[in-house]
Amino acid sequence: MKKIFIRTCVVCGEKKDKSELMRLTLMDNRVVIDFKGRMGGRGSYVCKNFECISKLEEKHLERSFKKKIVFDIDLKKQLQMGVTNG
């Protein structure tokens, strides 16, 4: 039987299967999308829907990563493209 990994969206707080969420991680204090889910370090998860992505703010990720971060506005565009393409 395959193990199901449950993660929580940092925006809406909904618990879902890991495959239903997009993973974000830190690289040099910048938030990047971890498409394959294999990058090291602490990860944050956001739902793969436009509602959660549009509400995503710096404060959600700072709370999750437990530190100040550099939030690039292009990140939301990349996330939205990932939702439509993936």
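A compact table of results
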item	result
Wholly enclosed strands (runs of 3 or more DSSP E) of the chain bearing at least 2 residues within 10 Å of the chain's Cα centre (by Cα)	21-27, 30-34, 43-47
Selection within segment 51-86 - surrounded by 13 or more Cβ atoms within 10 Å (Cβ to Cβ), modelled with pLDDT of 85 or more and closer than 15 Å to E20 by Cβ	C52, I53
Matching residues, segment 31-50, being in contact (Cβ under 8 Å) with a residue 40 or more places away in the chain, surrounded by 13 or more Cβ atoms within 10 Å (Cβ to Cβ) and under 15 Å from K18 (Cβ atoms)	I33
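The values are calculated or read from the model by the stated rules, or taken from the named source; none is laboratory data. Worth saying up front: this structure is predicted, and the values here are computed from it rather than measured. Here Cβ is always computed from backbone atoms with ideal geometry, including for glycine, and neighbour counts include all displayed protein chains.
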